[in-house]
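Can you read through this structure? Questions will come right after.
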Amino acid sequence: MTSISRRDVIAGAAASVVWAASVRPSGAADARELKISHQFPGAGATEGDFRDRLCQKFAARVAERTNGALKCTIYPGSSLMKTNAQFSALRKGGLDMSLVPLNYAGGEVAETNIGLIPGMVTTYDQGMAWKRLAVGKYLADTLADKGILFVSWIWQAGGVASRGKPIVDPDDAKGLKVRGGSREMDMVLKQAGAAVISLPSNEIYAAMQTGALDAAMTSSTSLMSFRLEEIAKGLSAGRNSAYWFMLEPLLISRGIFESLPKDMQDVVMKTGEEMEEFGVQNAKADDQEVANVYRKAGAEVVDLTPETVNRWRTISRETAWKDFAARSDSCAKLVQLVEQTL
């Protein structure tokens, strides 16, 4: 396995980088553009989906630090390509960058399913620690071998919006049509007696509106950005405790990255690292705000307790964790490394 990580590409750089040394004059012959694709709604500079705002901040800071020599153009709402085409396009160099739920690539690279396996991550601190622990390094190396590099690690807690009463305990899902968001979450839901529906988060609203879907699990941000409060009667919020944590990183094509001059590479990785604090702060803020939004819309809002989270995790360990570990030696290795973080 080829080892390449953010540490590799900025190794040796002093903590107080003098960015002026890497600035290029605007309009230089080697000026470059990076296209950033994502599925989430476009946002304003200070309001709206923070994932789009994170991309905007990243683009602005990169342009500033390179004096316009490296420009990033953002394509929200799957306006550049379909949601599920992004990961493959990154691998092939057909897309420069994407902020995408990592597990969406699970059918192509099995190891990416670890980005949404119930109960493996239950706090932001635990999730963000992955990048400096063995599990994160192993995952980053795996993606690098597949042609993709992490730029920003972004984790989001989530909850469940439902057309009826809130889904709190596993038994509450029995007989319902539920969108879990990952193959592994779907396995847990099936064990709980639910019928699972697979679709991207930007298609949840229509499915719930028509009755094709009774409930949907997704991030707190998506629960608001896609206006699910307009049709939901119940919300199980993850602001205090959650078994549903999704890894939604900002990624770059390795081939595209390696084609950039070294000074631009350093700017990309340094700026990406700085965006992580913005991501955590805004994800946590959305965990709080989603409960307010749904309550104001008239939905019944219920917070999960650690005991409830453990009940979901117990099912997940016996189903999703075992299934994931059995898929390959590298998947088994990832589970082993996750266990070390608990």
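Which residues, counting only those in region 255-302, are hydroxyl-bearing (Ser, Thr, Tyr) and either closer than 20 Å to residue 165 by Cα or not in a helix (DSSP H, G or I) (or both)? Talk me through it step by step, then tell me what you get.
Pass one, region 255-302, residues hydroxyl-bearing (Ser, Thr, Tyr): 259, 271, 294.
The one that is hydroxyl-bearing (Ser, Thr, Tyr) and either closer than 20 Å to residue 165 by Cα or not in a helix (DSSP H, G or I) (or both): 294.
Please give the number of the condition residue 245 fails out of (1) open to solvent by less than 20 Å² (accessible area, probe 1.4 Å); (2) on the phi > 0 side of the Ramachandran plot.
The number of the failed condition is (2).
Quick one: what pairs do we get from region 126-138, first residue within 16 Å of residue 151 (Cα to Cα), second among the basic types (Lys, Arg), C-beta under 6 Å, 6+ apart or different chains?
none
Do we have residue 84 as within 22 Å of residue 266 (Cα to Cα), open to solvent by 30 Å² or more (accessible area, probe 1.4 Å), touching a residue at least 24 places away in the same chain (Cβ under 8 Å) and not in a strand (DSSP E or B) here? Outline the logic, then answer.
Values: within 22 Å of residue 266 (Cα to Cα): no; open to solvent by 30 Å² or more (accessible area, probe 1.4 Å): yes; touching a residue at least 24 places away in the same chain (Cβ under 8 Å): yes; not in a strand (DSSP E or B): yes.
So residue 84 does not fit the description; no.
In addition: If you take the residues in region 165-193 that are surrounded by fewer than 23 Cβ atoms within 10 Å (Cβ to Cβ) and among the small types (Gly, Ala, Ser), which one is nearest to residue 320 (Cα to Cα)?
Checked region 165-193; the qualifying residue nearest to residue 320 (Cα to Cα) is 192.
Pairs needed: first member in region 320-342, assigned to a loop (DSSP other than H, G, I, E, B); second member anywhere, modelled with pLDDT under 95; C-beta distance under 7 Å; at least 6 residues apart or different chains.
341/126
So which residues in region 199-219 are free of Cβ contacts under 8 Å to residues at least 24 places away in the same chain and within 14 Å of residue 103 (Cβ to Cβ)? Let's see the steps before the verdict.
Going through region 199-219, the residues free of Cβ contacts under 8 Å to residues at least 24 places away in the same chain turn out to be 199, 203, 206, 209-210.
Of everything in region 199-219, just one residue is free of Cβ contacts under 8 Å to residues at least 24 places away in the same chain and within 14 Å of residue 103 (Cβ to Cβ), namely 199.
In addition: Here's a check for you: in region 109-118, which residue that is in contact (Cβ under 8 Å) with a residue 60 or more places away in the chain and assigned to a helix (DSSP H, G or I) is farthest from residue 239 (Cα to Cα)? Break it down into steps so the answer makes sense when it comes.
At the first step, the residues of region 109-118 found to be in contact (Cβ under 8 Å) with a residue 60 or more places away in the chain are 110-111, 113-118.
If we keep only those that are assigned to a helix (DSSP H, G or I) too, we end up with 110-111, 113-116.
Details: 110: 29, 111: 27, 113: 23, 114: 22, 115: 19, 116: 17 Å.
Ranking the qualifying residues of region 109-118, first place goes to 110.
Further question: Answer with yes or no whether residue 196 is open to solvent by 10 Å² or more (accessible area, probe 1.4 Å), without any contact (Cβ under 8 Å) to a residue 60 or more places away in the chain and of a type in the set (A, V, I, L, M). Write out each step before concluding.
On the way: open to solvent by 10 Å² or more (accessible area, probe 1.4 Å): yes; without any contact (Cβ under 8 Å) to a residue 60 or more places away in the chain: yes; of a type in the set (A, V, I, L, M): yes.
Yes; evaluated as a whole, the condition is true for this residue.
Filter region 119-164 down to the residues that are open to solvent by 10 Å² or more (accessible area, probe 1.4 Å), modelled with pLDDT under 95 and not in a helix (DSSP H, G or I), then identify the one that is nearest to residue 192 (Cα to Cα).
Looking at the filtered set, the residue picked out is 122.
If you don't mind, there's one more thing I want to ask. Name every residue in region 172-218 that is of a type in the set (A, V, I, L, M, F, W, C), under 17 Å from residue 319 (Cα atoms) and within 17 Å of the chain's Cα centre (by Cα), in order of residue number. Let's see the steps before the verdict.
Let us first name the residues in region 172-218 that are of a type in the set (A, V, I, L, M, F, W, C), namely 173, 176, 178, 185, 187-189, 192, 194-197, 199, 204, 206-208, 212-213, 215-217.
Those still in the list that are under 17 Å from residue 319 (Cα atoms) too: 173, 185, 187-189, 192, 194-196.
185, the sole residue that qualifies.
Based on what the data block shows, is residue 259 within 17 Å of residue 34 (Cα to Cα), in contact with a strand residue (DSSP E or B) (Cβ under 9 Å, 6 or more places away or on another chain) and surrounded by fewer than 19 Cβ atoms within 10 Å (Cβ to Cβ)?
yes
Please give the number of the condition residue 125 fails out of (1) out of contact with any strand residue (DSSP E or B) (no Cβ under 9 Å at 6 or more places or on another chain); (2) under 22 Å from residue 179 (Cβ atoms); (3) not hydrophobic (A, V, I, L, M, F, W, C).
(2)
Continuing with the same structure: Going through 236, 222 one at a time, which residue ends up being crowded, with 21+ Cβ neighbours inside 10 Å, touching a residue at least 12 places away in the same chain (Cβ under 8 Å) and outside any helix (DSSP H, G or I)?
Details: 222 fails: outside any helix (DSSP H, G or I).
When all the criteria are applied, what remains is 236.
Using the structure shown, decide if residue 246 is touching a helix residue (DSSP H, G or I) at 6+ places or on another chain (Cβ under 9 Å), part of a helix (DSSP H, G or I) and among the aliphatic types (A, V, I, L, M). Before the answer, list the steps.
Working: touching a helix residue (DSSP H, G or I) at 6+ places or on another chain (Cβ under 9 Å): yes; part of a helix (DSSP H, G or I): no; among the aliphatic types (A, V, I, L, M): yes.
So residue 246 does not fit the description; no.
The values are calculated or read from the model by the stated rules, or taken from the named source; none is laboratory data. This one's a predicted model, so the numbers in the text were calculated from it and none came from an experiment. FYI the Cβ positions are ideal-geometry reconstructions off the backbone, even for glycines, and counts take in every protein chain you see. Accessible surface areas use protein heavy atoms only, side chains included; no ligands, DNA or RNA. Shrake-Rupley method; radii C 1.70, N 1.55, O 1.52, S 1.80 Å.
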